[in-house]
1. I need every pair where a residue in segment 25-48 that is under 18 Å from residue 64 (Cβ atoms) has its Cβ under 9 Å from the Cβ of a residue that is of a type in the set (Asp, Glu) and loosely packed, with under 14 Cβ neighbours inside 10 Å, sequence separation at least 6 or different chains.
2. When both residues are 6+ apart or on different chains and their Cβ atoms are under 8 Å apart, which pairs have a first residue that lies in segment 90-105 and is farther than 12 Å from residue 22 by Cβ, and a second that is among the basic types (Lys, Arg) and assigned to a strand (DSSP E or B)?
3. Filter segment 49-58 down to the residues that are more than 22 Å from residue 72 (Cα to Cα) and in contact (Cβ under 8 Å) with a residue 24 or more places away in the chain and list them by number.
4. Here are some conditions: (1) closer than 15 Å to residue 23 by Cα; (2) without any contact (Cβ under 8 Å) to a residue 12 or more places away in the chain. Residue 78 meets all but one. Which one does it not meet?
5. Looking at (1) surrounded by fewer than 16 Cβ atoms within 10 Å (Cβ to Cβ); (2) farther than 20 Å from residue 105 by Cβ, which is the one condition that is false for residue 52?
6. Could you list all residues from segment 39-53 that are outside any strand (DSSP E or B) and at pLDDT 95 or above?
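The values are calculated or read from the model by the stated rules, or taken from the named source; none is laboratory data. Note that the structure is predicted; figures quoted are calculated from it, not measured. All Cβ positions, glycine included, derive from the backbone under ideal geometry; neighbour counts span all protein chains shown.
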Amino acid sequence: MLKLLSHLKQCYPTGETKLPYDVVLTVKSVKGTCDFGCKVGDKIYFDGKKIKGDICYSALMAMLPKVYAMRYGAEFPWAKNKDIIQNACPDPENPVVFEIKRIRK
């Protein structure tokens, strides 16, 4: 935690940040049949206070670490766009792929 705080102070020496960001998940693909009923185009919104939209617990638990990271400015080296990454739910038979997008205000 101290390393994170130190890193944030280096990145934002004045202490002024626009963090945290809102994050939106969008279902990009569904292979097979999602038992929960996810469909391409479904959206789930994270604003730090609540989650708006429907998502099963398994997918939610798989997404939360990256949603949290994106909310607080993390960048993933493999991402072509630093504000968008993708992650699949853990169902190996019927994977649902989500786009995780940071919303800059």
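1. Pairs that qualify, where the first residue is under 18 Å from residue 64 (Cβ atoms) and the partner is of a type in the set (Asp, Glu) and loosely packed, with under 14 Cβ neighbours inside 10 Å, are 36/54; 38/54; 42/54; 44/54.
2. Correct list of pairs: 97/28; 98/28; 99/28.
3. 56, 58
4. Residue 78 satisfies every listed condition except (1).
5. Residue 52 satisfies all of (1) surrounded by fewer than 16 Cβ atoms within 10 Å (Cβ to Cβ); (2) farther than 20 Å from residue 105 by Cβ except (2).
6. Answer for segment 39-53, where residues must be outside any strand (DSSP E or B) and at pLDDT 95 or above: 39, 40, 41, 42, 53.
Residue-by-condition table, conditions (1) at pLDDT 95 or above; (2) surrounded by fewer than 16 Cβ atoms within 10 Å (Cβ to Cβ); (3) in a loop (DSSP other than H, G, I, E, B):
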residue: 59; (1), (2), (3): yes, no, no
residue: 62; (1), (2), (3): yes, no, no
residue: 65; (1), (2), (3): yes, yes, no
residue: 73; (1), (2), (3): no, no, yes
residue: 76; (1), (2), (3): no, yes, yes
residue: 85; (1), (2), (3): yes, no, no
residue: 93; (1), (2), (3): no, yes, yes
residue: 99; (1), (2), (3): yes, yes, no
